[in-house]
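Enquirer: So that we are looking at the same thing, I have put the structure below in structure tokens.
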Amino acid sequence: MSTSNCYSHLVPVADDSILGLSTLYQKDPREEKANLTIGIFLDETGKLPLMKAVEIARNRLMARRAPHGYSPITGLPLFNQHIQELVFGATSEAVQSKRIYTAQALGGTGALHVGARFAHLSLGAQVGTASSPTWANHLMILNQAGYKVSQYPYFDPSTKGVDFEAMASCLKTLEPMTVVILHACCHNPTGADLSKEEWQQVLEIVRERNLYPLLDIAYQGFGFGVDEDAYAPRLFADAGIPFMVASSCSKNFGLYGERVGAIHFVTGNAQEADLVRMNLAPQIRGEYSNPPAFGGQVVAEILSDPELRQIWLDEVNGMRSRIRRMRELFAQKGQEAGLDLSFAIRQNGMFSFTGLTGEQMDLLMKDWGVYGVRNGRFCMAGLNDHNVDLVVRAIKGVS
Ligand code: LMR
């Protein structure tokens, strides 16, 4: 058989719904434009900042002139320890009793992938579900890991908040060992989060139905605070159920391109956690051998030095405050223009679901130079004092 036409059946595929847009934005020659596409924190001047804590840690690592050796298969132990404590709290019983196994992974995406693949290959999970709507990558990750994929209702367009009743009744129909992706905080794309009471109810359903949650906490620190945003994983860990958490250092450490994240497996005891380690290692080894070292070293340096950690924490708090201020300004400017944009104040984190249609989002881009995701998502961290008027004018123009 000839291989000369082995590519001939391939058909064109559209660019990624999020990553493709930034390229379009960069190419747009207009002076007045706004980039509200990808989930990247931009500062007041519209630039991606280098965090001070990261700069200090980076300089220290450089000064040590360490060679670039391999990391262990499941990552740097010091990084794994600190990132686990950041998610679950250093004094948590689950952390203290060593019943959580944490492996460094390639950003939040890599963490979700490693977790989903492990649950499928080693725990026999066949069905995966994520909210409707969700971050498009959740569905791709589940699909590519071999799951039968579904979505549970989540968003109520009329309130621009969570439709908890619909969500809960759907979760109650799921079969045991369904991998349920839940956004621990700062829901992507809607910005609409569960209340503490609703998390309690989700926990009850998970327990009753024997579901296997995969909590995505990619935006820890951007909702209400580093500890406050970890409410769900801490609640689930205290409840003693088995589940996974995928965390990311892309946003809260500004280490987007370094691909730093972690997958945490919460088990019943230290022996189970060790069995996870043994079974996970060959899966990672066969896929990418071991994670990149530098980003994990930067994070470990920051989190293991109390002074540097405080600098970092202050910066995360500053980023969160900037986004909050932009949400308020956006709503206020909307009011002045006769638009109700108050949903932005009720939603959390980097994103807001505006309720604008795909056609309206196209017009925003074409006629106004305002770039958002076609599903109606704005990255609120791309707003600043200079572009907020343009954005509100543009929304008025397409409404
Ligand atoms: C986003 O949703 O914009 C971010 O999580 C970046 C990405 O990889 O999509």
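Enquirer: If you roll a 1.4 Å probe over the range 305-345 with all protein chains in place, what percent of the accessible area is carbon or sulfur?
Expert: 50
Enquirer: Which one of 81, 141, 39 is farthest out on the positive end of the charge dipole of the range 1-157, using unit charges on Cβ (Lys, Arg +1; Asp, Glu -1) and the Cα centre as origin?
Expert: Going by the charge dipole, the pick is 81.
Enquirer: Around residue 370, which amide H atoms from residues at least 5 apart in sequence, or from another chain, sit under 5 Å from its own amide H, with H modelled in the peptide plane?
Expert: Excluding prolines and chain starts, which carry no amide H, the hits are 34, 365.
Enquirer: Here's something else I'd like to know. Once the piece of chain linking residue 294 and residue 123 is laid out straight, how much longer is it, given 0.36 nm per residue of separation minus the C-alpha distance between them?
Expert: 58.4 nm
Enquirer: Within the accessible area of the range 347-399, what % is carbon and sulfur when the probe is 1.4 Å and the other protein chains stay in place?
Expert: 53
Enquirer: Mind jotting down the distance between the C-alpha centroids of the range 228-285 and the range 1-17, whole Å?
Expert: 36
Enquirer: Continuing with this model, one more query. Show which aspartates and glutamates lie in cross-link reach of residue 396 when reach means a straight Cα distance below 16 angstrom and same-chain residues fewer than eight apart are skipped.
Expert: Qualifying aspartates and glutamates at Cα under 16 Å: 336, 340, 359, 362, 367.
Enquirer: Hey, can you grab everything whose amide H is under 5 Å from the amide H of residue 155? Only 5+ residues off in sequence or another chain; H modelled, so Pro and N-termini drop out.
Expert: HN-HN under 5 Å from residue 155: 132, 163.
Enquirer: Computed FRET efficiency, Cβ-Cβ of residue 228 and residue 208, R0 22 Å: what is it to the nearest 0.05?
Expert: Once the sixth-power term is evaluated, E becomes 0.20.
Enquirer: On the accessible surface of the range 1-122, probed at 1.4 Å, how many percent belong to carbon and sulfur atoms?
Expert: For the range 1-122, the apolar C and S fraction of the accessible surface comes to 59 percent.
Enquirer: Per residue, how much accessible surface does the chain expose to a 1.4 Å probe? Answer in Å², no decimals.
Expert: Dividing the accessible area of the chain by its residue count gives 45 Å².
Enquirer: Also, I was wondering about something else. Give the ranking of 294, 330, 224 by solvent-accessible surface, highest area first, calculated with a 1.4 Å probe.
Expert: 224, 294, 330
Enquirer: Anything over 32 Å Cα to Cα? Flag those among 52/160; 47/148; 160/366, in the order listed.
Expert: 52/160; 47/148
Enquirer: Can you pull the one-decimal nm distance between simple spin-label points at residue 13 and residue 340, each 7 Å off the Cα toward Cβ?
Expert: Label-label distance for residue 13 and residue 340, simple model: 4.1 nm.
Enquirer: With just the Cα atoms of the range 280-321, tell me how far they stretch along each of the three principal axes, in Å, largest first.
Expert: Principal extents (Cα only, largest first): 41, 22, 16 Å.
Enquirer: What distance in nm lies between label points placed 7 Å from Cα along the C-beta direction at residue 269 and residue 3?
Expert: Simple spin-label model gives 5.2 nm for this pair.
Enquirer: What length, rounded to one decimal in nm, is gained on full extension from residue 393 through to residue 50, with 0.36 nm per residue of separation minus their alpha-carbon distance?
Expert: Full-extension gain reported as 120.4 nm.
Enquirer: Here is a follow-up. Once you treat every alpha carbon in the chain as an equal point and sum by Debye, what is log10 I(q)/I(0) at q = 0.07, 0.09 Å⁻¹?
Expert: Debye curve over Cα of the chain, log10 I(q)/I(0) at q = 0.07, 0.09 Å⁻¹: -0.33, -0.55.
The values are calculated or read from the model by the stated rules, or taken from the named source; none is laboratory data. Since we're looking at a predicted model, the values are computed, not measured. Using ideal geometry, Cβ is built from the backbone for each residue, glycine included, and neighbour counts are taken over all protein chains shown. Heads up: the accessible areas ignore ligands, DNA and RNA and are worked out on the full protein's heavy atoms, side chains in. Shrake-Rupley method; radii C 1.70, N 1.55, O 1.52, S 1.80 Å.
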